[in-house]
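Enquirer: First the structure, then my questions, so here it is.
The values are calculated or read from the model by the stated rules, or taken from the named source; none is laboratory data. Just so we're clear, the structure is a prediction, and the values are computed from it rather than from any experiment. Cβ: placed from backbone, ideal geometry, glycine included. Neighbour counts: every protein chain shown. Side chains are part of the model used for accessible areas, which takes the heavy atoms of the whole protein and leaves out ligands, DNA and RNA. Shrake-Rupley method; radii C 1.70, N 1.55, O 1.52, S 1.80 Å.
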Amino acid sequence: MSFKNDHPNPLHSSILPDGPIGVFDSGLGGLWVLSRLALRLPHESFIFFADSSSCPYGSRTRASVLELSRRNVDFLLERGAKAIVIACNTATAASVRRLRKEYAVPIIGMEPAVKKASAETRTGKIGVLATAGTFEGEHYRETSRKYAAHHSLITRIGEGLVELVEQNQVDTEKARKLIAEYVRPMLDAQVDQIVLGCTHYPFFTEHIRSMAGPGITIQDPSDAVSRRTEEVLRSHGLLRTETTPGRLQFFTSGESGPLVSMASCLFSGPIQADSVFLPPASPCSDSDHSAAR
Ligand code: DGL
């Protein structure tokens with residue numbers, strides 16, 4: 001069955017409110033977003049896909065991330081997803097606009113929390129930690145232009161942080177050192193807001209908090225994305241009406257062990273994850289770079 005949006009009907013007729021919500025990330029970071037979604041929508045079922053074998057997405061070309069995102073969406077739709085949450089800022093930046101045109105299901109992406117930080121800052125200085133792919137995306141640039149034109153943005157690419165989450169090395173000296181390297185210049189510049197622009201970064205919140213102290217607001221967009229998901233499902237009549245608890249299913253293109261141990265910290269009950277093979281993204285030529293822009 002094809003869900004490609006090549007007909008004027010905005011929603012595919014086979015989408016049913018009882019179906020699960022498909023959620024994907026380049027890896028394990030999206031589990032945090034999933035935990036916020038499940039808290040807000042306890043009667044919904046979710047299928048989570050971590051593309052850990054292709055992680056990190058942040059250093060890939062936009063064309064490659066778009067190709068991987070399409071493949072992830074297809075995987076989730078084949079398993080009956082009624083909507084897609086892209087729990088990855090980098091994949092959102094590279095693909096959300098295109099995917100919304102191509103697929104006849106609601107697609108929700110990550111929102112950079114720069115807008116909220118801009119409304120709440122007192123010092124006019126905002127730190128933003130994200131991947132190279134997110135900083136290069138139109139979404140981030142437009143939001144910054146629109147909402148933070150009169151503020152200073154102190155930006156840092158969180159090089160190496162995604163890998164630490166994937167290797168279950170969040171609580172390590174190496175992680176603390178990297179966080180210090182990225183956050184110290186922000187604090188020196190007197191930011192009062194630090195925006196987490198990658199879904200892997202909330203796992204470092206404690207490290208950031210212990211460096212920054214209580215006066216700094218750490219902005220994580222996951223709750224806003226959960227609220228938005230609820231609104232979108234409601235507006236399409238796709239919220240589940242049953243009041244029994246929803247089911248969680250986990251898949252990864254990498255080893256299942258790290259996913260199971262991370263998910264066990266966030267969700268109650270036994271966690272089972274299936275490792276699946278999905279074709280890798282094809283190598284990109286220079287023309288592919290512009291194709292996705
Ligand atoms: N969780 C992804 C994001 O939000 C990580 C990106 C990566 O894989 O580099 O951007």
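Enquirer: Can you tell me the orientation of helix 222-235 relative to the chain, as the angle in degrees between its alpha-carbon axis and the longest Cα principal axis, to the nearest 10?
Expert: Computed tilt is about 30 degrees.
Enquirer: Which residue fluctuates most in the GNM of the chain (Cα springs below 10 Å): Gln272, Gln219, Gln193?
Expert: Sorting by GNM fluctuation, first place goes to Gln272.
Enquirer: Mind listing the long-range amide H neighbours of Val85? Cut-off is under 5 Å, sequence gap 5 or more, other chains count too, H placed in the peptide plane at 1.01 Å from N.
Expert: Result for Val85 returns Gly22, Val23, Phe24, Ile108.
Enquirer: Hey, another quick one. Just to be sure I follow the rule: in the range 1-143, considering lysines 8 or more places apart or on different chains, how many pairs have Cα atoms under 27 Å apart?
Expert: 6
Enquirer: Report the antiparallel proportion of the DSSP beta bridges in the chain as a percent, rounded to a multiple of 5.
Expert: 5
Enquirer: Now a separate question. Under 14 Å from the Cβ of Ile154, count the other residues' Cβ atoms, weight Lys and Arg +1, Asp and Glu -1, and hand me the total.
Expert: Combined, the nearby Lys, Arg, Asp and Glu give 0.
Enquirer: Quick one: accessible area per residue over the chain, 1.4 Å probe, rounded to a whole number of Å²?
Expert: Averaged over the residues of the chain, the accessible area is 45 Å².
Enquirer: Sticking with this one: Using a 1.4 Å probe on the protein heavy atoms, what percent of the accessible area of the chain belongs to carbon and sulfur?
Expert: Whole-percent figure for carbon plus sulfur exposure: 51.
Enquirer: 5 Å is the cut-off here: which amide hydrogens, built 1.01 Å from N in the peptide plane, fall below it relative to Leu248, excluding neighbours closer than 5 in sequence?
Expert: Residues meeting the amide H criterion: Phe46.
Enquirer: Going by amide H atoms built from the backbone, whose H comes under 5 Å of the H on Ile154, apart from near neighbours?
Expert: Ile126, Gly127, Val128
Enquirer: In addition: What residue among Pro280, Pro106, Pro56 shows peak mean-square fluctuation when the chain is described by a Gaussian network model with Cα springs under 10 Å?
Expert: Pro280
Enquirer: In debye to the nearest 20, how big a dipole does the range 44-83 give about its Cα centre with +1 on each Lys and Arg Cβ and -1 on each Asp and Glu Cβ?
Expert: It comes to approximately 120 debye.
Enquirer: Using a ≥ b ≥ c from the Cα gyration tensor of the range 130-201 (square roots of the eigenvalues), is it rounded, prolate or oblate, where a/c under 1.5 gives rounded and otherwise the larger of a/b and b/c decides, a/b for prolate?
Expert: Here the range 130-201 falls in the oblate category.
Enquirer: Counting each DSSP H run of 4 or more residues in the chain as -39500 (n - 2.57), what helix-only mean residue ellipticity at 222 nm follows after dividing by all residues, to the nearest 500 deg cm²/dmol?
Expert: The per-residue figure over the chain is -12500 deg cm²/dmol.
Enquirer: A further question on this structure: Using a Gaussian network for the chain with springs between C-alpha atoms less than 10 Å apart, which of these wobbles most: His150, His43, His207?
Expert: Among His150, His43, His207, the largest GNM mean-square fluctuation belongs to His150.
Enquirer: Per residue of the range 150-159, in order, report the coupling 6.51 cos²θ - 1.76 cosθ + 1.60 (Karplus, θ = phi - 60°) as ³J(HN,Hα) in whole Hz, putting x for Gly and Pro.
Expert: Those phi angles translate into 9, 10, 9, 9, 9, 9, 9, 7, x, 3 Hz.
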